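Just so it is clear, none of the values below were taken in a lab; they were calculated from the coordinates. All values derive from a computational prediction rather than experimental measurement. When we count neighbours, we look across all protein chains shown, and the Cβ atoms used for this are built from the backbone with ideal geometry, even at glycine.
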Amino acid sequence: MREGRAGTVGRLTKRAEFVAAASGRRFHTERMTVQGRLRDETGPGASGASCLAGPFLRIGLTVTKRVGHAPERNRIKRRLRTACRLAAPDLASVAADVVVVGRRDILTAAYATLVDDLRRALRVVTKPRTARRPEKTSDGPQIESPPAPPPLPPPPGERRGSSHDD
């Protein structure tokens, strides 16, 4: 999963890339959490390492110390790395950064289940966001909704935000 030409799957290596991917969409299972963010190569924010990354998918793997000792964490990462090799080529041309956070259940899960979870997760986190359009009621002028009424005052003897009795 090293960086290479377009159509291949690259690797996240810097902390800033992992943190940026965490700001995107998320997908959770009991075996892993997948976080992903589409990279915008042409926008004003395209600077630094992500602009040199190329128009392809990059994946980073993380397994925290809370999961277990080093041999267990390494086994989890090896299983995830192999599952990524099978699941990621379908979306290799998508310019996105994805972080996979492994959980302990990966050790006992069936390999086919891992690959399936990863394929579903990659589809979800690399899905482009849809722009919201303003709703029109008809071809005529837009109708504005009335403003919301002000909140009701608290009942007598009660103060707002007070959690203790006086």
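Footprinting exposure proxy ranking of Arg11, Arg58, fewest other C-beta atoms within 10 angstrom first, gives Arg11, Arg58. Show me, for region 14-22, the HN-Hα J-couplings you get by feeding each phi into the Karplus relation (A = 6.51, B = -1.76, C = 1.60, θ = phi - 60°), rounded to Hz, glycine and proline as x. Per residue, the Karplus-derived 3J(HN,Hα) values read 9, 4, 4, 5, 5, 5, 5, 5, 5 Hz.
By other beta-carbon atoms within 10 Å, ranking Arg119, Arg78, Arg15, Arg31 with the fewest at the front produces Arg15, Arg78, Arg119, Arg31. Kirkwood radius for region 10-125, taken over all pairs of different Cα atoms as the inverse mean of 1/r, rounds to 14.3 Å. Electrostatic bookkeeping for Gln35 treats Lys and Arg as +1 and Asp and Glu as -1; over the other residues with beta carbon under 10 Å from its beta carbon, the sum is +2.
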